[in-house]
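Please read the structure below before turning to the comments.
The values are calculated or read from the model by the stated rules, or taken from the named source; none is laboratory data. Keep in mind it's a predicted model, so treat the numbers as computed, not measured. Glycine also receives a Cβ, built like all others from the backbone with ideal geometry; neighbour counts cover every protein chain displayed.
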Amino acid sequence: MSELTLTELTTILQECAGEDETSALRGGDVLDTDFKDLGYDSLAMLETAARIQITYGVVLADDVVVEASTPRQLMRLVNQSIVEGP
Amino acid sequence: MTATVVTGMGVVAPTGLGPREHWERTMRGESAIGPVTAFDAERYSSRLAGEITAFVPADHLPARLLPQTDHMTRLALAAAAWAIKDAAVDPAELPEFGMGVVTASSAGGFEFGHRELDKLWRKGPEHVSAYQSFAWFYAVNSGQISIRHGMRGPSGVLVTEQAGGLDAVAQARRRVRDGTAAMVCGSVDGSPCPWGWVAQLAGGRISTADDPARAYLPFDVDAGGHVPGDGGALFVLEDEEGARERGVTSWHGEIAGYAATFDPPPGSGRPSSLRRAIELALADAETEADAIGVVFADGAGLAELDRVEAEALRAVFGPYGVPVTVPKTMTGRLSAGGAALDLATALLALRHGRIPPTVNVSRPVPEYELDLVTQPRRKPLSAVLVVARGQGGFNAAMVVTRRHSTSGTR
């Protein structure tokens, strides 16, 4: 399974939790921006994590997911799981 | 005690989006009842509904809210925004707990829940949306409205089926009287999905007619149940003096009187307490029966329920003693949203001095002795009574009056 990229994460976020017209997700360097500052709360992250798990075949515990507060941290978490396997 | 006045109104109805469209269509007597389009209803015993078809959620809501909202929540968010705009009230300018929201709901976000149950069954639990945790919930409209507008005052939800639309407004009036500066209240309801549909059918009150003009005939000799629909209305309530202090000079009317009663259980042999609800509401408004210009009846559309309501109205007002109308013959019954929409229509009737018609009813039961308004009627109105009955024994009655910005406290 290929890695989760920022482009793919952005798409999943938009599909799962919507996006405001003014969202920082549209361009700009958001790798280290807090999800809260991007407008995504913990429920939005759980929804996003559920989609990632289905798409990438990984298993992520809810409490681990909500600890990942930026795109970089979430991507590291997901990609680590992909490498390690289920 | 000063008056509690309605300073804002938002309408989402099968008959129109916004008070103007709804009022004009209602006064034309143009029904919005038709075949169900929200899902394939062919295989069900009932196939007609009063649907809102012109509402495009993305036109009214931020994209962020779309993945987490049920159909009726989207409608409610639009209606709340319109009511707040109409009242020209800014929650940010009020004290932190100065504005709250009380809505009524009969089923919660059923359509959202239906979709997620379908995913659970077909694909498995990991496919169920995290937003299901609240999107289905009875209180979801109150929650979403309060979050969107930053309203942290006293809030809640009432679940009394059709009566809820009035009960929520009465609860908001209590909070205004307690000193809350402004309250959003009312109900937008409806569950246009197979799950919601079978739940309604199981209640045993839904018409099985296929002719939209013959399906919902309250007080008619051919009454055979009702047609469900979706929509409702939300309002902003304020204390009259408070509204005046922030520069408001006109409003839709005053919530002058209200009462709720609960019917004895079926088979008890004791009579319905509906009459008492009406009498208590009149007393609360310090209004005599002869001051009421028109009654917006519940109009269940089933002989036994129609008879009880007709008896209560005859007992209070006398035979043919007051004009009675059921404009919801054009929308169907919107669960808790129905009484709220009736309240909106009643306030519009007060303003325009015109009574909207009850459509399709051509043969009222003579023994009911009701002055049923079947054509639009001009009449100066100073007070209107709205009656709502919820399945399960809930009765509510509310008196709204004209109130101009000239008088002070009473």
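Among the residues of the range B:68-104, the ones that are assigned to a helix (DSSP H, G or I) and closer than 30 Å to B:A130 by Cβ come to 17 in all.
Among the criteria (1) of a type in the set (S, T, Y); (2) under 26 Å from B:G143 (Cα atoms); (3) at pLDDT 95 or above, the one B:S207 does not fulfil is (2). Which residues, counting only those in the range B:310-332, are closer than 23 Å to B:G29 by Cα and in a helix (DSSP H, G or I)? If the condition is that a residue be closer than 23 Å to B:G29 by Cα and in a helix (DSSP H, G or I), then B:A310, B:P327, B:K328, B:T329, B:M330 are the ones that fit. Hey, does the range B:16-39 have a residue that's modelled with pLDDT under 95, in contact with a strand residue (DSSP E or B) (Cβ under 7 Å, 6 or more places away or on another chain), over 30 Å from A:F35 (Cβ atoms) and not assigned by TED's automatic domain parsing to the domain that holds B:V359? No; the residues of the range B:16-39 include none that is modelled with pLDDT under 95, in contact with a strand residue (DSSP E or B) (Cβ under 7 Å, 6 or more places away or on another chain), over 30 Å from A:F35 (Cβ atoms) and not assigned by TED's automatic domain parsing to the domain that holds B:V359. Among the residues of the range B:256-295, those that are of a type outside the set (S, T, Y), in a loop (DSSP other than H, G, I, E, B) and in contact with a helix residue (DSSP H, G or I) (Cβ under 9 Å, 6 or more places away or on another chain) comprise B:D263, B:P271, B:A285, B:E288, B:I292, B:G293. Condition first: over 29 Å from A:G18 (Cα atoms), in a helix (DSSP H, G or I) and either touching a strand residue (DSSP E or B) at 6+ places or on another chain (Cβ under 9 Å) or touching a residue at least 12 places away in the same chain (Cβ under 8 Å) (or both). Can you find one or more residues in the range B:136-156 that meet it? No - not one qualifying residue is present in the range B:136-156. In summary, B:F110 fulfils each of the numbered conditions (1) touching a His at 6+ places or on another chain (Cβ under 8 Å); (2) more than 14 Å from every other protein chain (Cβ to nearest Cβ) with the single exception of condition (1). As for the range B:261-271, it holds at least one residue that is of a type in the set (S, T, Y) and either under 30 Å from B:R314 (Cα atoms) or at pLDDT 95 or above (or both). Here's a check for you: in the range B:48-67, which residue that is outside any helix (DSSP H, G or I) and touching a residue at least 60 places away in the same chain (Cβ under 8 Å) is nearest to the other protein chains (Cβ to nearest Cβ)? Within the range B:48-67, the match that is nearest to the other protein chains (Cβ to nearest Cβ) is B:I52.
Kindly evaluate B:D298 against the criterion of being assigned to a loop (DSSP other than H, G, I, E, B) and closer than 18 Å to B:E161 by Cβ. Here the answer is yes, as B:D298 does meet what is asked. Given the condition within 14 Å of another protein chain (Cβ to nearest Cβ) and touching a residue at least 24 places away in the same chain (Cβ under 8 Å), answer yes or no: does some residue in the range B:33-47 qualify? The answer is no; no qualifying residue exists.
Among the residues of the range B:119-169, the one identified as of a type in the set (K, R), closer than 18 Å to B:A83 by Cα and within 14 Å of another protein chain (Cβ to nearest Cβ) is B:R148.
Are any residues in the range A:70-86 surrounded by 17 or more Cβ atoms within 10 Å (Cβ to Cβ) and small (G, A, S), and if so, which ones? Within the range A:70-86, just A:S81 meets the criteria.
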